[in-house]
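The values are calculated or read from the model by the stated rules, or taken from the named source; none is laboratory data. What you are looking at is a predicted structure, and each value in this text was computed from that prediction instead of being measured. Backbone-built Cβ (ideal geometry, glycine too); neighbour counts: all protein chains shown. Accessible surface areas use protein heavy atoms only, side chains included; no ligands, DNA or RNA. Shrake-Rupley method; radii C 1.70, N 1.55, O 1.52, S 1.80 Å.
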Amino acid sequence: MDSSSPVYTLENECHDCYKCVRQCSVKAIRVKNGHASVIPNKCIACGHCVEICPSRAKRVRDDVNKARALLASGKEVYVSLAPSWAGLLDCSKQEIISALKQLGFKGVSETALGAQEVSIETTKIISQSDQKLFISTACPAIVDYIRYYLPEYTPYLTPIASPALTHAKLLRKQFGEDIGVVFIGPCIAKKNEADRHPDLINVSLTFKELAAWLDEARIVLKSPADEGEAFVPYEADEGALYPIEGGMNKTIEICGAPKDVQLINISPVQRFKTSLKNLDPASLTRKVFIEALACEGGCTAGPGGNTAKAGLEVVSDILNYSHLRDRVPSEPEVVVREKFEPSPIEKPKYAISSIAEALALIGKYSQEDELNCGGCGYNTCHGLAKALLAGEAEPSMCQAYMRKLATRKASAMLRCMPSAVVIVDADLNIVETNEAFVKMFAPELMDLFKMGTDGIAGAQLEKILPCTGLFKNTLKTGLETHKEHYPIGEKLYDISLFEIDSGKLVGAIITDVTKTQLRREQIAKKAQEVIEKNITTVQNIACLLGEHMVDTELLLSQIAEGYKQEDDE
């Protein structure tokens, strides 16, 4: 677990589903010992894996304690509140400002103020530049995606920092360079942005972190607040549109973008990737500006949001809150210049022989074996093979291979077992058997069994085995049953029945114990004969000993009597 990254995994909660691998646009996931963990240097912190993880094993770094420490430092700390608050937080501006001040913040300001400055500067760049393609830099996840995975498009990123960083600069200009700034919004990638620009943003929190903090502090968001509470230094205007898809493009239109410029909004990451595939910017016949966002539908769909409201209601509330200025300044008050450098993720090149060896690990020996089903999380079997070579995947991720392997193991065990094995369904039709069963109870079907891959599946059990009552009882009760020396015909069997699928499948292991029982009876009979013979012998010896004792006693009596007569004389 690497909780220093914005997104990390609780390994004990991760349960072999690979859903994050399937849905991660950049495959920044490593699977080891069945647990999927985030690869920090490949992750763009879009947070999609956090949203879709069924066991909640993917977690977001909690920076509340860092914010508490900043408040305790004695600095005046201001909140940069993301414009999506108007839709995602079910409260008035007075209520959210009051709640944040109760936590200890000096004041609350709208990040939308920074967005307005960015739109003015972006419009200037588009108007004055000769290049044809421009990509927005408002979304840090998109910026990292381009830097890591589409580095050839890095030159087309507008060379200005995001609205959040611009707003932080605006606050420091207004209230002093020594203030603290905490960004709060629905974006996880903003944590990366804060980590890289601690001189502007000290801490980045999500709305979910804020909700937990308020709950711990026992501060109720929707509670009476002073009507005089207001955003500082002043309230935002059209910048409040930024969190909805197309919102930035709308502000650029307001700022006076040239009429011949095409303003296109694209989200999420996967669609952005396909939109740029095979694009040669030099081939464009007119200027194109792309408002690129990592979250589908815009920032309101950010993984750090905290609302049960319908998406339509969220967008509607933001539109109702925002208002447009009659006149937009031609020059921004604050600009934060930023040159984005490509930082491509290296893609190792593997020899064909190495890939073939990796494919063999998942039972792929020919092109026909490659299903490319995507169950492992990778689009192709070759993709999984490369991940295996990179140490980012395991053979067990291939479900088709594991299923075949399990089938082979089960078949081998069934085939080698000397006891008969049979599995039947709820209608007592045979689902699976082994050769020993056919030999014992249906030798006439042996040729059919060896011919078909399904053996004698589908045959009715009662026509082969006359003890269907035992199977019915196990299907009904679900209890294991064991019968010893159960007579079937002229033979005796030990039968063990067990439930496989409640009320649907039951299996039985049947062992012929006839010869064993006969041997036992024969041994018992021989032992009885020996015992009887020994008794007879002992009795004979006893009789002989008895007669001999009588003769001896008579002889001794006569001798004694003779000696007595002599003594008398």
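A quick yes/no check of all residues on (1) closer than 22 Å to Leu170 by Cβ; (2) out of contact with any strand residue (DSSP E or B) (no Cβ under 9 Å at 6 or more places or on another chain); (3) modelled with pLDDT under 95:
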residue: Ser204; (1), (2), (3): yes, no, no
residue: Tyr242; (1), (2), (3): yes, no, no
residue: Gln262; (1), (2), (3): no, no, no
residue: Lys273; (1), (2), (3): no, yes, yes
residue: Lys277; (1), (2), (3): no, yes, yes
residue: Ala294; (1), (2), (3): no, yes, no
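Which ranges mark the strands (runs of 3 or more DSSP E) fully within the range 32-84 that have 2 or more residues being closer than 23 Å to Pro163 by Cβ and in contact with a Phe, Trp or Tyr (Cβ under 7 Å, 6 or more places away or on another chain)? Give the derivation first.
Details: elements: 35-38, 58-60, 77-81.
By residue number, 77-81.
Go through the range 1-21 and report how many residues are in contact with a helix residue (DSSP H, G or I) (Cβ under 9 Å, 6 or more places away or on another chain), closer than 21 Å to Leu384 by Cα and not β-branched (Val, Ile, Thr).
5
Please work out which residue is surrounded by the most Cβ atoms within 10 Å (Cβ to Cβ), limiting yourself to the range 170-187 and to residues that are among the hydrophobic types (A, V, I, L, M, F, W, C) and touching a helix residue (DSSP H, G or I) at 6+ places or on another chain (Cβ under 7 Å).
Filtering the range 170-187 for residues among the hydrophobic types (A, V, I, L, M, F, W, C) gives 170-171, 175, 179, 181-184, 187.
Still in the list and also touching a helix residue (DSSP H, G or I) at 6+ places or on another chain (Cβ under 7 Å): 170, 179, 181-184, 187.
Values: Leu170: 24, Ile179: 17, Val181: 28, Val182: 26, Phe183: 26, Ile184: 27, Cys187: 32.
Ranking the qualifying residues of the range 170-187, first place goes to Cys187.
Please enumerate the residues belonging to the range 448-484 that are open to solvent by 50 Å² or more (accessible area, probe 1.4 Å) and touching a residue at least 40 places away in the same chain (Cβ under 8 Å).
Residue satisfying the conditions is Lys472 alone.
From Leu384, Leu470, which residue is aliphatic (A, V, I, L, M), assigned to a helix (DSSP H, G or I) and touching a Cys at 6+ places or on another chain (Cβ under 6 Å)?
Details: Leu470 fails: touching a Cys at 6+ places or on another chain (Cβ under 6 Å).
It is Leu384.
I need every pair where a residue in the range 109-127 that is within 11 Å of Gly256 (Cα to Cα) has its Cβ under 7 Å from the Cβ of a residue that is modelled with pLDDT under 95 and open to solvent by less than 10 Å² (accessible area, probe 1.4 Å), sequence separation at least 6 or different chains.
Sorted first by the residue in the range 109-127, then by its partner, the list stays empty.
Which count do you get for residues in the range 220-273 that are among the hydroxyl-bearing types (Ser, Thr, Tyr) and surrounded by 19 or more Cβ atoms within 10 Å (Cβ to Cβ)? Even if it seems obvious, please write down each step before you answer.
Going through the range 220-273, the residues among the hydroxyl-bearing types (Ser, Thr, Tyr) turn out to be 223, 234, 242, 251, 267.
If we keep only those that are surrounded by 19 or more Cβ atoms within 10 Å (Cβ to Cβ) too, we end up with 242, 251, 267.
Total meeting the criteria: 3.
Can you pull out the residues in the range 331-347 that are more than 21 Å from Ala240 (Cβ to Cβ) and surrounded by 10 or more Cβ atoms within 10 Å (Cβ to Cβ)?
Within the range 331-347, Glu338, Phe340, Pro342, Ser343, Pro344, Ile345 qualify.
Taking the stated definitions as given, is Val181 assigned to a strand (DSSP E or B) and either β-branched (Val, Ile, Thr) or at positive phi (or both)? Spell out how you get there, then give the answer.
Working: assigned to a strand (DSSP E or B): yes; either β-branched (Val, Ile, Thr) or at positive phi (or both): yes.
The answer is yes for Val181.
Taking the condition part of a helix (DSSP H, G or I), without any contact (Cβ under 8 Å) to a residue 40 or more places away in the chain and among the hydrophobic types (A, V, I, L, M, F, W, C), does Leu445 pass?
Numbers: part of a helix (DSSP H, G or I): yes; without any contact (Cβ under 8 Å) to a residue 40 or more places away in the chain: yes; among the hydrophobic types (A, V, I, L, M, F, W, C): yes.
Considered against the rule, which asks whether it is part of a helix (DSSP H, G or I), without any contact (Cβ under 8 Å) to a residue 40 or more places away in the chain and among the hydrophobic types (A, V, I, L, M, F, W, C), Leu445 comes out as yes.
Restricting attention to the range 47-67, and to residues there that are crowded, with 21+ Cβ neighbours inside 10 Å and small (Gly, Ala, Ser), which single residue is farthest from Gly298 (Cα to Cα)?
Once the filter is applied, the top-ranked residue is Ala67.
For Ser353, all conditions in the list (1) among the hydroxyl-bearing types (Ser, Thr, Tyr); (2) assigned to a helix (DSSP H, G or I); (3) surrounded by 14 or more Cβ atoms within 10 Å (Cβ to Cβ) hold save one; what is the number of the exception?
(3)
Among the residues of the range 419-442, how many are open to solvent by 50 Å² or more (accessible area, probe 1.4 Å) and without any contact (Cβ under 8 Å) to a residue 40 or more places away in the chain?
At the first step, the residues of the range 419-442 found to be open to solvent by 50 Å² or more (accessible area, probe 1.4 Å) are 426-427, 431-432, 435, 439-440.
Adding the requirement that they be without any contact (Cβ under 8 Å) to a residue 40 or more places away in the chain leaves 427, 432, 435, 439.
Qualifying residue count for the region: 4.
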